[in-house]
Amino acid sequence: MVRHEWTNPEARMVVRLLHRAGVRSAHLHLASLGAVGLCVTLWVRAKTIDQEQRGNAERRALFVGLWPPTLWLIGESLRRPEC
């Protein structure tokens, strides 16, 4: 396993705060998978509404689609022993 050298003290502080608050890596990994499901649901729903509102619905689905990698990587940072 490659150790990540923390260069940003603020990031380390955020990870410690999340850990103290009881947030664990499994919570964020599950939230990441849930966000994938929500994105797919919003995308499918966007195809069923009228053309005028379809653009906003598709943008909403794409916005939610950005959450999974972010949540997954925060979960990975909580899994490391440095925190």
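The values are calculated or read from the model by the stated rules, or taken from the named source; none is laboratory data. None of these values were measured; they are calculated from a predicted model. As a convention, Cβ positions derive from the backbone with ideal geometry for all residues, glycine included, and neighbour counts pool all protein chains shown. Surface accessibility is based on the protein's heavy atoms, side chains included, excluding ligands, DNA and RNA. Shrake-Rupley method; radii C 1.70, N 1.55, O 1.52, S 1.80 Å.
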Handout entry: Mean projection area, nm², convex hull over Cα of the chain
Key = 6.7
Practice task
Write down the accessible area per residue of the chain in Å², having rolled a 1.4 Å probe over the full set of protein chains.
Solution key: 74
Practice task
With a 1.4 Å probe and every protein chain left in place, tell me how much accessible area Thr70 has, in Å² to the nearest 10.
Solution key: 80
Completion exercise
A 1.4 Å probe over the protein heavy atoms gives region 30-83 a carbon and sulfur accessible-area percentage of 64
Exercise for the section: Evaluate E = 1/(1 + (r/R0)^6) for Arg60 and Met13, where r is the Cβ-Cβ distance and R0 equals 25 Å; express this FRET efficiency to the nearest 0.05. Expected result: 0.20
Exercise for the section: Starting from the Cα of Glu52, step 7 Å along the direction of its Cβ; do the same at Glu76; then give the gap between the two resulting points in nm. Expected result: 4.4
Handout entry: Probe 1.4 Å, all protein chains present, accessible-area order of Arg80, Arg16, largest first
Key = Arg16, Arg80
Handout entry: Solvent-accessible surface (1.4 angstrom probe) belonging to Glu58, in square angstrom, nearest 10
Key = 50
Completion exercise
Sorted list, accessible surface of protein heavy atoms, 1.4 Å probe, largest first, for Ile49, Ile74 is Ile74, Ile49
Handout entry: For His19, solvent-accessible area (1.4 Å; no DNA, RNA or ligand), Å²
Key = 60
